[in-house]
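> So that we are looking at the same thing, I have put the structure below in structure tokens.
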Amino acid sequence: MYNDRSNNNVSFSKGIDWLIPFLYAILLAIGVLCIFMVEYKTDVNWASSLFSGKTNYSKQLIFAGICIVIAIIILLTDSKFFTAFANLFYVFGIALMLATFVIGKNINGSRSWIPLAGGFNLQPAELCKIFAALAIAKYVSRQDLDFTKLSAQIIATVLAMTPAVLSILQNETGLALVYLSFFIVMFREGLPGWLLIVGFSAGALVIATLIMEPNTLAILLTLLAGIAIYILRYQVKRNKSVLTFIIIIWVVCVGIQRFAVPYVFNNVFQCYQAQRIYSMVGKDYDCSHNRSSRDRVDKEKAVKKPDDYNVRQSKIAIGSGGITGRGFLKGTQTRGKYVPEQHTDFIFTSLGEAFGFTGCFIFLMLYLLLLMRIIIIAERQRSTFSRVYGYSVASILFFHIAVNICMTIGLFPIIGIPLPLISYGGSSLLTFTILLFILVRLDADRQMVLR
């Protein structure tokens, strides 16, 4: 009996991919360091404040300690537990998100938080990313499922988009967009590639609508349609439905750029949201066209500071770092508190100012190594459940990293997405910890076929 247990312990140790916990620990330390740089004060004893629980960096240390304990518990859990309760977890997550409409706390205009003891708050939309990943993996791994069928793809889409819709109703547009990352997983499992082409084309059309004069863009779309008809003239002669298809596409595109996009920006988006998107492409949005411009609160906000103030200060902070950076605790933008929300959404600016391009490059290489390792782990799984879950983790992380960093340098609108394991926040840190260590646990049992 003793030998059996010893062998089990040895096999358990060999099964764990220790590179993931190692990278996790490094990124966790970098996150606490960045938050410390943002909040450091010369007149405060940093050693005593580090464990006081009163500063954000000390709170992040507490969150980290809790997350490490949870990570260990996950590693000691049987992998079958996650498959057995995947659907129940998903229902629980949706119930938590619905509960925010009743007992939720409003923070920064978003009613997506549930207050907990000790002044802490839980954001169910963050945790629901884990539950959605497990539920989608559970569904796609069904033995009787053919994911190439439209009905299966629709059900998977509903599983991914239900939390997204609830996030939008909670005024958490940024978190809602994260759930789009599950479509990357679906493409890996058989979703048609033409949908991806349509999605990118629609995005390009929206950007072109913002940049170009409406009539000019309409003429360009007409020319493109004419070129397509000329290139496919022989197919058009044999089959008139080809011509009909091209005309329908042209009508839809012109309708989107002339009517749909202006309507959404003027009637659906708030003025500040439209301004952020326009500023991303170097344009100014006229709030007199927006219905929210009549709201006194929006007017007061516009008087206080320009809406792209965050991005301007973020660019200044990152740019001032140069090649090697100003040095630890020597950043003028960081020390001067010029960048709003620098400990959360704009935490990357503190790293850029302190350690410059070199530090940012090394930091991004750590992320790249983590993502590549996750994909390698996902591809070596025997179980479809584990593979789908692995790609879900990689997609969620990639979306957060890409959007957050692009947001800080002005390549994406400000939508409030944290930088994984770096930004301050217990809910975010807990979510990424659970996501990663469930994958590590599943990988340790990769010889098993889980459903």
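A short reminder: the numbers here are calculations on the coordinates, not readings from a lab. Keep in mind it's a predicted model, so treat the numbers as computed, not measured. A quick note on method: Cβ atoms are made from the backbone with ideal geometry, for glycine too, and the neighbour counts reach across all protein chains shown.
> Could you calculate, for segment 63-132, the ratio of the Cα radius of gyration to the Kirkwood radius, expressed as Rg to Rh?
1.03
> I'd like to know how segment 68-189 sits against the 2.2 N^0.38 Å rule of thumb: what's its Cα Rg over that expected value?
Here the answer is 1.15, to two decimals.
> Separate question: If packing is taken as the average count of other Cβ atoms within 10 Å, what order do 198-208, 17-27 fall into, highest mean first?
Result, highest mean first: 17-27, 198-208.
> Just the isolated ones, please: cysteines in the chain lacking another cysteine beta carbon under 4.7 angstrom.
Within the chain, the cysteines lacking a partner Cβ under 4.7 Å are CYS34, CYS67, CYS128, CYS253, CYS360, CYS406.
> Using 1/(1 + (r/R0)^6) with R0 = 30 angstrom and r between the beta carbons of ILE68 and ALA260, what's the FRET efficiency to the nearest 0.05?
Plugging the Cβ-Cβ distance into 1/(1 + (r/R0)^6) gives 0.05.
> Please state the relative contact order of the chain as a whole percent: Cα pairs under 8 Å, 6+ residues apart?
Details: 572 pairs, mean separation 109.0, N = 451.
Across the chain, relative contact order equals 24 percent.
> Long-range amide H contacts for LEU122: which residues qualify at under 5 Å (H placed 1.01 Å from N, peptide plane, sequence gap of 5 or more or a different chain)?
The list, which skips near neighbours in sequence, is ILE114, LEU116.
> Looking at the chain, do any whole DSSP H helices span at least 15 angstrom along their long axis by alpha carbon and average -0.5 or above on Kyte-Doolittle, and which?
19-39, 56-75, 86-103, 124-140, 150-169, 193-211, 214-231, 240-255, 309-320, 348-379, 384-408, 426-444
> What does the helix-only formula give at 222 nm for the chain: each DSSP H stretch with n ≥ 4 adding -39500 (n - 2.57), the total divided by the residues, and the result rounded to the nearest 500 deg cm²/dmol?
So the calculated ellipticity at 222 nm is -21500 deg cm²/dmol.
> Also: Within 10 Å, count the other beta carbons around each residue, average over each peptide in 342-354, 29-41, and list them highest first.
Values: 342-354: 25.8, 29-41: 20.1.
Listed from highest to lowest mean packing, they are 342-354, 29-41.
> So for the pair TYR230, LEU169, with labels modelled 7 Å out along Cα→Cβ, what separation do we get in nm?
Distance between label points: 5.2 nm.
> Give the residue list of trypsin sites (Lys or Arg not before Pro) in segment 53-114 that are DSSP loop and have at most 14 other beta-carbon atoms within 10 angstrom.
Hits after loop and neighbour filter: LYS54.
> Moving on to the next point. Need one word for segment 158-296: rounded, prolate or oblate. Basis is the Cα gyration tensor (sqrt eigenvalues a ≥ b ≥ c); a/c below 1.5 gives rounded, then a/b vs b/c decides.
It comes out oblate by the Cα gyration axes.
> List the chymotrypsin sites (Phe, Trp or Tyr not before Pro) within segment 66-127 that DSSP assigns to loop and that have no more than 15 neighbouring Cβ atoms inside 10 Å.
PHE85, PHE120
> What shape does the chain take by its C-alpha gyration tensor, where a ≥ b ≥ c are the square roots of the eigenvalues and a/c under 1.5 counts as rounded, a/b above b/c as prolate, and the rest as oblate?
oblate
> Would you work out if segment 168-230 is rounded, prolate or oblate? Take a ≥ b ≥ c from the square roots of the eigenvalues of the alpha-carbon gyration tensor; rounded if a/c is under 1.5, else prolate when a/b is larger than b/c, oblate otherwise.
Oblate shape, in that a/c is at least 1.5 and b/c is the bigger or equal ratio.
> Taking 25 Å as R0, compute the FRET efficiency from the Cβ-Cβ separation of ALA204 and VAL158 and round it to 0.05.
0.40
> So how do 256-263, 128-135 stack up, highest first, on mean other-Cβ count within 10 Å? Don't skip to the answer; put the middle values down first.
Working: 256-263: 15.0, 128-135: 25.9.
Taking the mean over residues of other Cβ atoms within 10 Å, the ranking is 128-135, 256-263.
> Under a point spin-label approximation (7 Å from Cα along Cα-to-Cβ), what is the ILE107-LEU368 distance to one decimal in nm?
Taking the simple label geometry, ILE107 and LEU368 are separated by 3.4 nm.
> Through the Karplus equation 6.51 cos²θ - 1.76 cosθ + 1.60, θ set to phi - 60°, convert the phi angles of segment 175-190 into ³J(HN,Hα) values in whole Hz; use x for Gly and Pro.
5, 4, 5, 4, 5, 5, 5, 5, 5, 4, 5, 5, 5, 4, 9, x
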